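A short worksheet on the structure shown next.
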Amino acid sequence: MPNLSQVFTQAASATSRWTGRASAFLLCCLIVVIWALSGPFFHYSDTWQLVINTGTTIVTFLMVFLIQNTQNRDNAALQAKLDELIRASEAKNEFIGIEHLSDQELDGILEECERHRPDALRRAEARADTKRKAEIREARKAATRRARAPARKRA
């Protein structure tokens, strides 16, 4: 028998998939249009206005929890994938699990990474410069070969 957490996860996933579709958006638009068109019939009464206000407030309130649940699960899955990539690569394994650190600790790690950033940028620029210089040398060699080649006679 599934527990409450599993039932909520399944319901949140199904609702999230359905509400993320164009048909759900169009249905909501249709409801608003029908409500607006019914205004003259209800003489634009306070009750008529209260219906849409209450309905949208309740839906918004519930959707906040569903969206947060979906984001939490997606972030946890993404974090697990990143941790596995870090673990399987030559990257620092100390980065695994840093999402559980305090904001101050995360700021310190970010500052440390930023200190190494200029070195990485300089290395990338040096590689690009080397590649550009090689391309220029090759272009000059090709131009020299063309200039030295005997001119072809036209028939």
TODO: Identify, by number, the condition in (1) touching a helix residue (DSSP H, G or I) at 6+ places or on another chain (Cβ under 8 Å); (2) outside the structural domain of V33 (by TED's automatic domain parsing) that A143 doesn't meet.
DONE: (1)
Open item on the list: Take E84 and tell me if it is under 30 Å from S5 (Cα atoms) and either assigned by TED's automatic domain parsing to the domain that holds A11 or exposed (fewer than 10 other Cβ atoms within 10 Å of the Cβ) (or both).
Closed with: yes
Task: Residue among Q104, Q79 that is within 30 Å of G20 (Cα to Cα) and either in a helix (DSSP H, G or I) or out of contact with any Ser or Thr (no Cβ under 9 Å at 6 or more places or on another chain) (or both) - done: Q79
- [ ] Would you mind telling me which numbered condition in (1) loosely packed, with under 11 Cβ neighbours inside 10 Å; (2) touching a residue at least 60 places away in the same chain (Cβ under 8 Å) I58 fails?
- [x] (2)
- [ ] Answer with yes or no whether A76 is modelled with pLDDT under 90, more than 30 Å from T15 (Cβ to Cβ) and among the aliphatic types (A, V, I, L, M).
- [x] no
Task: Number of positions in region 8-50 that are in a helix (DSSP H, G or I) and farther than 17 Å from L62 by Cβ - done: 16
TODO: Test Q49 against the stated conditions and say whether it is over 32 Å from the mean Cα position of the chain (by Cα) and of a type in the set (S, T, N, Q).
DONE: yes
Task: Odd one out for A91, checked against (1) more than 22 Å from the chain's Cα centre (by Cα); (2) assigned to a helix (DSSP H, G or I) - done: (2)
Task: Condition met for S16 (without any contact (Cβ under 8 Å) to a residue 40 or more places away in the chain and more than 30 Å from H116 (Cβ to Cβ)) - done: no
Open item on the list: If I filter region 62-74 for residues that are in a helix (DSSP H, G or I) and closer than 20 Å to I109 by Cβ, do I get at least one hit?
Closed with: no
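The values are calculated or read from the model by the stated rules, or taken from the named source; none is laboratory data. Small disclaimer: the values here were computed from a predicted structure and weren't measured. Don't worry about glycine lacking a Cβ; one is built from the backbone with ideal geometry, like all the others, and counts go over all protein chains shown.
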